[in-house]
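Notes to accompany the following structure.
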Amino acid sequence: PELAFAGALNVMSMTMAGRVRIKDSNTVPCLFSVGLAPSGAGKDFARNLTEDILVQAGLSSRLGPEGVSSAEGFVRAISDNPAILFQLDEAAEMFAEAGDVNSHMRRLGKSMKEAYSRAGSKEWRPNCRADSANNLIVKAPLPSIYATTTPDRFWSSFSAESCEDGLLGRLLIFEQPKYDMTCGRLYKSAQATDSIVSQVKSWHSGVGNLPPEVAVK
C-alpha cells in the first residue's frame, strides 16, 4: 500500500506539473520520492502501473530514463523534456555515488538538488563551460523522480557528511516494512482502469491556474 500510494502521488504530481502552482509562491507539484521495500516485494508493480496509465492517457512522452549515469545526462533529459518523470530502480548505488566526492557521479547530487530547487522557475542554467555553445538553458524545469530500492541499501548509501548536504532532505520516503507474498498475484494483475486514465487526462488537460503562455502542453 505504501508504494502504491507513492506511485499514485508521482503520477498526479507529474501530470499536473506545468498546470498548477501555489498562489503567490514558486511551489509546484514536483516530487522526488523513494519507495523502500525488501527484495522480492514487488517494487516494480507501481512503476509498471504508472507506465501503463501514462501510455493509455497519451502521456508516454513524460516518461524519462529508467537509469541515470551522469549529472550531464540527468540535466540533458530535463532539458529535452522539462515535465519529466524519472522512474529509477535499484537507486541506492546512484545515491551513494552522488554523495561520494571521489566518484564521477558526485556532480549528480548537486544537479538533483538544483533541479528540485529550481522546479517551476522560468529558466535553469545548470552549467558553465569554456565552450559556451554547450551551456544548457533549461526552460521551465519540472522534474519528478520515483526511485526504488531496499531499505538497508538506501540508508547505508548516505554517509554522515552526505546526510547534511541537502539531498536526503529533499526526498519524500515511503517505506513498506512488511510484505505479504500472497498479495503478489493481486498486484501483478493490477491494470489501469478507464476511470483512472480519464482522471489523469483531465488533470493534464485542465485549465489549472497558470497563464496559457507558460502552461506545459
Tell me what the chain gives for mean residue ellipticity at 222 nm when only DSSP H runs of n ≥ 4 count, each as -39,500 (n - 2.57), the sum divided by the residue total, rounded to 500 deg cm²/dmol.
-11000 deg cm²/dmol
Note: the chain, point scatterers on Cα, Debye, no solvent; log10 I/I(0) at q = 0.08, 0.14 Å⁻¹ equals -0.29, -0.88
How would segment 58-132 be classified by its alpha-carbon gyration tensor: rounded, prolate or oblate, with rounded meaning a/c under 1.5 and the a/b versus b/c comparison settling the rest?
oblate
Beta bridges by DSSP in the chain, antiparallel share as percent, to the nearest 5
10
Return the carbon/sulfur percentage of the accessible area of segment 22-93, one whole number, probe 1.4 Å, all protein chains in place.
48
Averaging over all projection directions, find the projected area of the Cα convex hull of segment 1-120 and quote it in nm² with one decimal place.
8.0
What is the Cα radius of gyration of segment 24-81 over 2.2 N^0.38 Å, N being its residue count?
1.38
If a helix is a whole DSSP H run, which ones in the chain reach 20 Å or further along their own axis (Cα) and hold a mean Kyte-Doolittle hydropathy of at least -0.5?
2-16
With a 10 Å cut-off between alpha carbons and a GNM built on the chain, which of 107, 125, 47 moves the most?
125
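The values are calculated or read from the model by the stated rules, or taken from the named source; none is laboratory data. Just so it is clear, the model here is predicted, and its values are computed rather than measured. We work out accessible area using only protein heavy atoms, side chains counted, and drop any ligands, DNA or RNA first. Shrake-Rupley method; radii C 1.70, N 1.55, O 1.52, S 1.80 Å.
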